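Engineer: Have a look at the structure that comes next, please.
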Amino acid sequence: MEPGETELAALARELDEELDVRIEPGSAMHLCRLQVGRGEESVHFSAWIVRDWEGTPTNAAPEEHDEIRWFRSEELPPLTHEPVRTAVMEAMRGARA
């Protein structure tokens, strides 16, 4: 996140920069937030569901990502930080309830 930027503003900026899509703030629902590690080694994750956007998702940052793909929640691949995958899966189940 940029200094002074909200999570929602960072989400909108990153989606525009990396996927070439634009979102309306009301179309994004926050799922969960998780911190892995401590101190300078810590990594903060925030997961969102975005239901509506403008544009077609494309890999607009190929220097950062090998590919982009859609996954069903049960097909979500293992992540480097398994606690993040677990938290996202649990939050997605709760969002559907």
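Engineer: Consider the stretch 19-39. How many of its residues are free of Cβ contacts under 8 Å to residues at least 40 places away in the same chain and closer than 25 Å to Thr58 by Cα? Working first, answer last.
Structural biologist: Initially, the stretch 19-39 is screened for residues free of Cβ contacts under 8 Å to residues at least 40 places away in the same chain, giving 21-28, 30, 33, 35, 37-39.
Checking which are closer than 25 Å to Thr58 by Cα leaves us with 21-28, 30.
Of the residues in that region, 9 qualify.
Engineer: Name every residue in the stretch 29-51 that is basic (Lys, Arg) and either closer than 20 Å to Glu14 by Cα or within 10 Å of the chain's Cα centre (by Cα) (or both), in order of residue number.
Structural biologist: Here is the first cut: in the stretch 29-51, the ones basic (Lys, Arg) are 33, 38, 51.
If the condition is that a residue be basic (Lys, Arg) and either closer than 20 Å to Glu14 by Cα or within 10 Å of the chain's Cα centre (by Cα) (or both), then Arg33, Arg51 are the ones that fit.
Engineer: Further question: Taking the stretch 72-87 as the search range and keeping residues that are out of contact with any Gly (no Cβ under 9 Å at 6 or more places or on another chain) and in a loop (DSSP other than H, G, I, E, B), which one is modelled with the lowest pLDDT? Talk me through it step by step, then tell me what you get.
Structural biologist: Of the stretch 72-87, the ones out of contact with any Gly (no Cβ under 9 Å at 6 or more places or on another chain) are 72-80, 82-87.
Right, trim to in a loop (DSSP other than H, G, I, E, B) and you get 72, 76-80.
Values: Arg72: 81, Leu76: 78, Pro77: 79, Pro78: 76, Leu79: 69, Thr80: 64.
Among those that are out of contact with any Gly (no Cβ under 9 Å at 6 or more places or on another chain) and in a loop (DSSP other than H, G, I, E, B), it is Thr80.
Engineer: One residue is enough: does the stretch 76-83 have a residue meeting the conditions in contact (Cβ under 8 Å) with a residue 24 or more places away in the chain, surrounded by 10 or more Cβ atoms within 10 Å (Cβ to Cβ) and under 26 Å from Glu17 (Cα atoms)? Spell out the reasoning first.
Structural biologist: Taking the stretch 76-83 and keeping what is in contact (Cβ under 8 Å) with a residue 24 or more places away in the chain, we get 81, 83.
Going one step further and asking which of them are surrounded by 10 or more Cβ atoms within 10 Å (Cβ to Cβ), we end up with 81, 83.
From what is left, the residues that are under 26 Å from Glu17 (Cα atoms) are 81.
Checked the stretch 76-83: at least one residue is in contact (Cβ under 8 Å) with a residue 24 or more places away in the chain, surrounded by 10 or more Cβ atoms within 10 Å (Cβ to Cβ) and under 26 Å from Glu17 (Cα atoms).
Engineer: Same structure, new question: Is there a residue in the stretch 9-18 that is surrounded by 11 or more Cβ atoms within 10 Å (Cβ to Cβ), hydrophobic (A, V, I, L, M, F, W, C), in contact with a Cys (Cβ under 7 Å, 6 or more places away or on another chain) and touching a residue at least 12 places away in the same chain (Cβ under 8 Å)?
Structural biologist: Initial filter on the stretch 9-18 (surrounded by 11 or more Cβ atoms within 10 Å (Cβ to Cβ)): 9-18.
Within this subset, residues satisfying the condition of being hydrophobic (A, V, I, L, M, F, W, C) are 9-12, 15.
The next check asks that each one be in contact with a Cys (Cβ under 7 Å, 6 or more places away or on another chain); those that pass are none.
Checking the stretch 9-18: not a single residue is surrounded by 11 or more Cβ atoms within 10 Å (Cβ to Cβ), hydrophobic (A, V, I, L, M, F, W, C), in contact with a Cys (Cβ under 7 Å, 6 or more places away or on another chain) and touching a residue at least 12 places away in the same chain (Cβ under 8 Å).
Engineer: List pairs: first residue in the stretch 52-67 and over 25 Å from Gly26 (Cα atoms) and part of a loop (DSSP other than H, G, I, E, B), second residue polar (S, T, N, Q) and at pLDDT 95 or above anywhere in the structure, Cβ distance under 7 angstrom, at least six positions apart or on different chains.
Structural biologist: Once the first residue is over 25 Å from Gly26 (Cα atoms) and part of a loop (DSSP other than H, G, I, E, B) and sits in the stretch 52-67, its partners that are polar (S, T, N, Q) and at pLDDT 95 or above give His65/Asn59; Glu67/Asn59.
The values are calculated or read from the model by the stated rules, or taken from the named source; none is laboratory data. What you see is a predicted model, and the numbers here were worked out from it, not measured in a lab. Neighbour counts run over all protein chains shown; Cβ positions are idealised from the backbone, glycine included.
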